[in-house]
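The values are calculated or read from the model by the stated rules, or taken from the named source; none is laboratory data. Everything quoted here is computed from the prediction, not taken from an experiment. Cβ: placed from backbone, ideal geometry, glycine included. Neighbour counts: every protein chain shown.
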Amino acid sequence: MSTTDRTVTPRTWCDLLDGRDLAPLPAGDHCPVDVAMFRFPGLPERLALPPVDAHYISFTLAGALDIERDLGRDVERARFRPGMSLILPAGRENAWRWNGATDELHLYVSPSWLGEVGATVGVAAPAPVERFAFEDPLLRSLAHALLDERRSGGVGGRLFRQALAETIALRLLREHCTVVAAPPVRAGLAPSQLRRVRAVVEERLGRDLSLEDLAAAAGLSRSHFARSFRVATGQTPYAYLRERRVARARDLLASSARPVVEIAGLTGFRSQSHLGRVFKNATGLTPAEYRRHVRG
């Protein structure tokens, strides 16, 4: 039996450790980066576990403890305090022991999808490094942001989750993976494909748009579309969508007396404050300041 045949899902792996889910998430669309928060009891006796079918990144949230990890070579031991992390690559045999209860924030990253993201930036065969007892505050913050988005949601949620997932993947590729150079890709979008994508964006600007929706308009796979769109426009799909939402908001602020909160809903922002933050970052003015400026 191959290692792949014996892998388990991350949730099953956590169940084998008597983990208790501290942040149950609503059912939603599939995302290649999953997130969870678990509380584990102490594990005083060594326990061998099956390989996981995703790359697993853990961040200790509470409970300083000593952890022992065996991935089939040298046994690693370290004192983990809140904020520290470890990486378990997919498909690796693993055995553990620790001396106290702990709360952990998890990321589970699809290996095939990490490879897709790698291909969009010109690298291949990404292999996460088996890191142990390290800190990456940015990666931890991204994991928290993904968990918050999954729990609360909002307009543009699917595309925002996908943007977070891609940023997490890029962070892993930059800082925590070995890679090899991939052959250069010079794909782009035909003018007709780009017109269809732009039409979908304009028609559905106030609704929840995902990368899959835009890729479907172009007749491409998600990963092929993201790469081709960047080549064709110099922007990511998420940056383009944000730019168009700000442009629509500017038009409405200048041409109508609609309240800012209503304009936020019409342009796909989660709230008035969300519109305000993005709008000021893009223009240097708040929506109210912009309206006063254009109306003299």
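Quick rundown of the values:
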{"item": "Conditions (1) farther than 24 Å from CYS177 by Cβ; (2) touching a Ser or Thr at 6+ places or on another chain (Cβ under 8 Å); (3) without any contact (Cβ under 8 Å) to a residue 60 or more places away in the chain: number failed by ALA54", "result": "(1)"}
{"item": "Pairs with Cβ under 7 Å, 6+ apart, first in segment 15-32 and modelled with pLDDT of 95 or more, second in a loop (DSSP other than H, G, I, E, B)", "result": "ASP18/PRO41"}
{"item": "Some residue of segment 73-86 being surrounded by 21 or more Cβ atoms within 10 Å (Cβ to Cβ) and closer than 19 Å to PHE40 by Cβ", "result": "yes"}
{"item": "Verdict on ASP66 being farther than 11 Å from ASP103 by Cβ, in contact (Cβ under 8 Å) with a residue 24 or more places away in the chain and either of a type in the set (Asp, Glu) or not assigned by TED's automatic domain parsing to the domain that holds LEU88 (or both)", "result": "yes"}
{"item": "Residue satisfying all of: in segment 252-272; among the hydroxyl-bearing types (Ser, Thr, Tyr) and modelled with pLDDT of 90 or more; surrounded by the fewest Cβ atoms within 10 Å (Cβ to Cβ) among these", "result": "SER255"}
{"item": "Verdict on THR12 being surrounded by 13 or more Cβ atoms within 10 Å (Cβ to Cβ), within 27 Å of the chain's Cα centre (by Cα) and assigned to a strand (DSSP E or B)", "result": "no"}
{"item": "Positions within segment 200-211 being free of Cβ contacts under 8 Å to residues at least 40 places away in the same chain and of a type in the set (D, E, K, R), in sequence order", "result": "GLU203, ARG204"}
{"item": "Subset of segment 135-157 [in contact (Cβ under 8 Å) with a residue 40 or more places away in the chain and either surrounded by 19 or more Cβ atoms within 10 Å (Cβ to Cβ) or of a type in the set (A, V, I, L, M, F, W, C) (or both)]", "result": "ASP136, LEU139, ARG140, ALA143, LEU146, LEU147, ARG150, VAL155, GLY156"}
{"item": "Selection within segment 249-296 - among the charged types (D, E, K, R) and touching a Ser or Thr at 6+ places or on another chain (Cβ under 7 Å)", "result": "LYS280"}
{"item": "Those strands (runs of 3 or more DSSP E) lying entirely in segment 68-181 with at least 3 residues β-branched (Val, Ile, Thr) and over 24 Å from TYR238 (Cα atoms)", "result": "177-181"}
{"item": "Residue match in segment 38-46 (condition: assigned by TED's automatic domain parsing to the domain that holds TRP98, under 18 Å from GLU149 (Cα atoms) and not in a loop (DSSP other than H, G, I, E, B))", "result": "yes"}
